[in-house]
Amino acid sequence: MMSPVQWVTLGLLAFLFILAYIYDDDRKLKAIPSRAAQFSPNRWSPKDVERMASECELAAPSIDDQLPSKTGRRYIVIRGLLRRGEDPNRIRILDIRPPKRLNLLEGKAKDVQFMQVDISDKISVDVAFSEPWPYNDESPISVFNMAAHIRFYERHAALIPLSARVNVQGAQNIIDACRKVDASILVHTSSGSVSVHSSCFLLWPWQEEPKHFVQVINDDDEPIPKTHKDFFSNYRYTKRQAEILVRGANDADGL
């Protein structure tokens, strides 16, 4: 039977081992592999970030000279459209809450129609899309879907429905509503993170870095994770499912 001194010694050694493991694990995770550093050889320091922020405050970048000409289409979105001269009566905002940003509550933006819609509610979406436009406008319709439920902290498969309600079913409701009103353009906001594979950051002592520590993201579908366990959160998984739905609609009837 071990004596109290032996138990204390064993506990102290275990504690020191855990501290050493954490230190070594953090050291490896903070290191930038050379194959990743080659994409950004000149690393920014905190002072570089502060300098750039000051420059942007003095002369904020503008995209006005890059905006295309107005089209006269009907839009279910806002922001840059007004800046390029679109008629606010041809723009709608569909959202679960009214806009609160000042630049959406003044000037021409205040004339844009707002409709409170939960995109996970199919009937609510259909009613909003079927609402008559001013002047019996028959111009083409463009829809921008930027809604998302960003539950990035959830990974267990049992919690998928909490994200899928908006991210997947909501996307399908938008697709169906677009078809009912003959919308010709649907721009769906996915996420660059759908291509990022999950990893494990608790390394074995002999490992130098986690699997998938460096990932090159491009437009190739092949590297995209295929199963739920390959995605690092339910949010990414459901955004990928929505992306498949939207691309399928495009392939089926050109939406």
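Since every read-out is calculated from the coordinates, none of them should be taken as a lab result. The structure presented is a predicted model; accordingly, all values stated were derived computationally and were not measured. Cβ: placed from backbone, ideal geometry, glycine included. Neighbour counts: every protein chain shown.
Projecting each Cα onto the charge dipole of the chain (Lys/Arg +1, Asp/Glu -1 at the beta carbon, about the Cα centre), which of Ala20, Gly248, Thr238 comes out farthest on the positive side?
Ala20
Using R₀ = 41 Å, calculate the FRET efficiency as 1/(1 + (r/R₀)^6) where r is the Cβ-Cβ separation of Ala252 and Val216; round to 0.05. Walk me through the numbers on the way to the answer.
Numbers: r = 31 Å, r/R0 = 0.76.
Plugging the Cβ-Cβ distance into 1/(1 + (r/R0)^6) gives 0.85.
Determine which lysines satisfy two conditions relative to Lys70: a Cα distance under 20 Å, and not lying fewer than 8 residues away in the same chain.
Lys70 reaches Lys108, Lys110.
Calculate, for Ser54 and Asn103, the FRET efficiency according to 1/(1 + (r/R0)^6) with r their C-beta to C-beta distance and R0 22 Å; round to the nearest 0.05.
Efficiency, rounded to the nearest 0.05: 0.45.
What's the FRET efficiency of Leu10 with Ser45 using the Cβ-Cβ distance as r and R₀ = 41 Å, to the nearest 0.05?
Working: r = 44 Å, r/R0 = 1.08.
Efficiency, from the Cβ-Cβ distance: 0.40.
If we count other beta carbons within 10 Å of each Cβ, what is the order of Arg155, Arg51, fewest first?
With the sparsest Cβ surroundings first, the list reads Arg51, Arg155.
For the range 216-255, compute Rh as the Kirkwood radius over C-alpha pairs and then the Stokes-Einstein diffusion coefficient at 20 °C and 1.002 mPa s; write the answer in µm²/s, rounded to an integer.
Translational diffusion coefficient: 191 µm²/s.
Assuming a viscosity of 1.002 mPa s and a temperature of 20 °C, what translational diffusion coefficient in µm² per second does Stokes-Einstein assign to the range 69-149, Rh being the Kirkwood radius over Cα pairs?
Values: Rh = 13.2 Å.
Diffusion coefficient, whole number: 162 µm²/s.
Whole number please: convex hull volume per residue, Cα atoms of the range 33-175, in Å³.
Dividing the Cα hull volume of the range 33-175 by its residue count gives 203 Å³.
Which three numbers, in whole Å and largest first, are the semi-axes of the equivalent ellipsoid of the range 185-255 derived from its Cα gyration tensor as √(5λ)?
Semi-axes, largest first: 30, 11, 9 Å.
How big is the range 93-249 on each of its three principal axes, counting only the C-alpha atoms and giving the largest first in Å?
Principal extents (Cα only, largest first): 70, 35, 30 Å.
Taking the Cα centre of the chain as the origin, how large is its charge dipole in debye, to the nearest 20, when only Lys and Arg (+1) and Asp and Glu (-1) carry charge on their Cβ atoms?
Using only the charged Cβ atoms, the result is roughly 380 debye.
Which of the listed residues, Ser130, His188, His228, is farthest toward the dipole's positive end in the range 63-249, when Lys, Arg count +1 and Asp, Glu count -1 at the beta-carbon?
Value: Ser130.
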